[in-house]
1. May I ask you to say which residue of L86, L108, L74 is modelled with pLDDT under 75 and within 44 Å of the chain's Cα centre (by Cα)?
2. When the residues of segment 111-141 are filtered to those that are acidic (D, E) and not in a strand (DSSP E or B), which remaining residue is modelled with the lowest pLDDT?
3. List the residue pairs whose Cβ atoms are under 8 Å apart, where the first residue sits in segment 277-288 and is on the phi > 0 side of the Ramachandran plot, the second is surrounded by 19 or more Cβ atoms within 10 Å (Cβ to Cβ) and small (G, A, S), and the two are 6 or more positions apart or on different chains.
4. Quickly run through segment 383-407 and pick out the residues that are surrounded by fewer than 20 Cβ atoms within 10 Å (Cβ to Cβ) and at pLDDT 85 or above.
5. Do we have G283 as under 29 Å from the mean Cα position of the chain (by Cα) and either of a type in the set (V, I, T) or over 24 Å from V361 (Cα atoms) (or both) here?
6. Which of (1) in contact with a helix residue (DSSP H, G or I) (Cβ under 6 Å, 6 or more places away or on another chain); (2) modelled with pLDDT of 90 or more does V373 not meet, given it meets every other one?
7. Is it true that some residue in segment 257-273 is of a type outside the set (S, T, N, Q) and more than 22 Å from the chain's Cα centre (by Cα)?
8. Taking segment 429-469 only, how many residues are modelled with pLDDT under 80 and surrounded by fewer than 19 Cβ atoms within 10 Å (Cβ to Cβ)?
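The values are calculated or read from the model by the stated rules, or taken from the named source; none is laboratory data. Because the structure is predicted, anything quoted here is derived from the model rather than measured. We place every Cβ from the backbone using ideal geometry, glycine too, and count neighbours over all the protein chains shown.
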Amino acid sequence: MSSPGGNVRTVKIIVASFVAFAAIGVLAFEYLLPIVVEHQVRNRLGPTARFEVGAVALDRVKLLDVSLARGLELGDITIEAGPWQLFRGKRADVVLSGSRIDSRAVTLPKPTGKDPPFGRVTIVDGMVDELAIAGTIDLRGSVDLTANAPAMHVGSRVVHDVAATVRGPLNELRACATGNFDGVQLDACAELDARAREHADLVWAATHDAWSAKGTARLVRTPDSVAIEAGRVDAVLAERTIGGVAIHDATLHAEIAGSLDRVTARGELAVGEVTSEQVAVRGATLPFALSGSFDGGVKLRSERELVLTAASATLTTGGRSVRIAEPVLTGRGSYTAGNAVLSVVTDDPLRLVAKLRGVPVDGVLAAASRDRVRGTGVLDGELVFDETLSLVAGGLAARAPGRLHVGALAQEQAQTDAAFAVHRRIAAALSDFDYSQLTLKIVGAPGLRLSLRGRGRRVPQALAIDVNVRGLLAQHERTR
């Protein structure tokens with residue numbers, strides 16, 4: 001039978017043992033476990049990682065001020081696993097709080113070849129550049145992230161009201177984004193394999209007060225940027241007036257390629273009708289091959305002249321109109337609209353040259369002279385217009401001999417003094433005149449000069465004469 005004193009000693013030994021074990025446990029949690037945890041975490045994150053071990057519990061570990069590399073600050077990380085799980089190398093779920101990533105400064109550490117240290121990553125209050133990020137990344141196979149920003153910089157542009165989502169399994173991720181810049185509402189979605197990270201298939205749509213567009217493209221990673229392959233754009237332009245030129249029923253199709261900063265585009269612009277005060281063009285198509293940049297505005301350039309073909313055109317002057325079938329319009333020079341600049345071959349002011357065939361002589365002369373000069377035959381040649389489609393130069397010539405009537409000139413000259421008998425004879429000849437050559441040239445601001453050669457029918461007078469048709473003033477005449 002044990003003595004009471006022996007029992008007391010036994011109890012004291014047991015209590016002392018528990019106290020000793022507790023002290024060892026406290027020592028382990030306070031000093032030894034953080035060292036073990038740090039070793040295990042650093043072994044997984046790599047030697048460049050910087051962090052402090054915060055609280056250590058049986059079922060979780062908290063790391064403070066974690067940085068994997070320059071520009072890759074992960075903030076505080078709560079690891080949903082205890083030291084024993086970490087020691088055994090099991091993946092753990094983690095929660096990131098206050099992470100800050102600068103994509104322009106980040107230098108990713110070299111791959112270690114080891115499995116990712118974590119399984120499911122939950123992001124709380126994260127930032128990637130100017131985007132606020134929240135959601136989860138399951139490294140075992142899926143992503144569900146949202147991002148938003150009231151404004152963010154993309155190159156030299158500012159995009160407002162940005163919102164984005166990234167969802168799906170890693171091999172079939174779908175990333176969608178929306179934003180507004182310079183009055184353009186842009187919505188886009190891309191499908192990609194996050195494990196390969198070589199390309200993404202993009203579908204997008206854009207709307208503006210003046211136009212709407214949609215398209216597709218394949219985005220391919222390059223060492224310095226992202227390249228566009230197999231891009232397609234289809235756009236519709238709203239009816240609008242630019243610099244006095246009204247555009248109706250315009251559509252555009254283009255195939256694009258290049259980088260995000262500089263692209264090339266080949267396609268066709270089709271316009272139902274283009275009208276100005278003097279000219280109307282209908283059923284026009286314009287093939288193009290352009291290169292463009294978007295730094296500080298849209299800058300497009302064509303190394304070849306632009307050639308527009310049309311079903312018909314109407315030239316109006318002096319209250320009369322002349323219809324022209326199947327004109328061909330060639331353009332070169334520079335044209336600016338807002339923050340967009342188009343340069344064709346040269347940076348000189350834009351000039352458009354209309355190549356015309358089969359223009360009716362009667363329509364041109366009647367329109368230019370307000371019905372005082374009429375004629376037969378057809379004209380071929382070209383007319384030059386500026387960027388507002390105002391007629392500034394050019395000329396037409398009769399394809400073959402024809403007939404001319406200048407009745408008003410004959411009446412005016414018939415009332416002159418007898419001393420001007422020669423003038424009366426010329427007027428009588430022009431009143432009914434067979435021309436062998438007839439040309440029209442744009443002169444002045446502009447004026448129209450009629451040059452003709454031939455012989456009168458009623459009065460058999462041979463003439464070679466230049467006439468200012470708009471004023472019907474004889475400037476040079478010769479008889480023989």
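1. Going through L86, L108, L74 in turn, the sole match is L108.
2. Of everything passing the filter in segment 111-141, D115 is modelled with the lowest pLDDT.
3. Here the result reads G283/A310, each pair linking segment 277-288 to a residue that is surrounded by 19 or more Cβ atoms within 10 Å (Cβ to Cβ) and small (G, A, S).
4. Correct list: V384, D386, V392, A393, G394, G395, A397, R399, A400, P401, R403, H405.
5. no
6. Condition not satisfied by V373: (2).
7. Yes, segment 257-273 has at least one match.
8. Going through segment 429-469 one residue at a time, the tally reaches 5.
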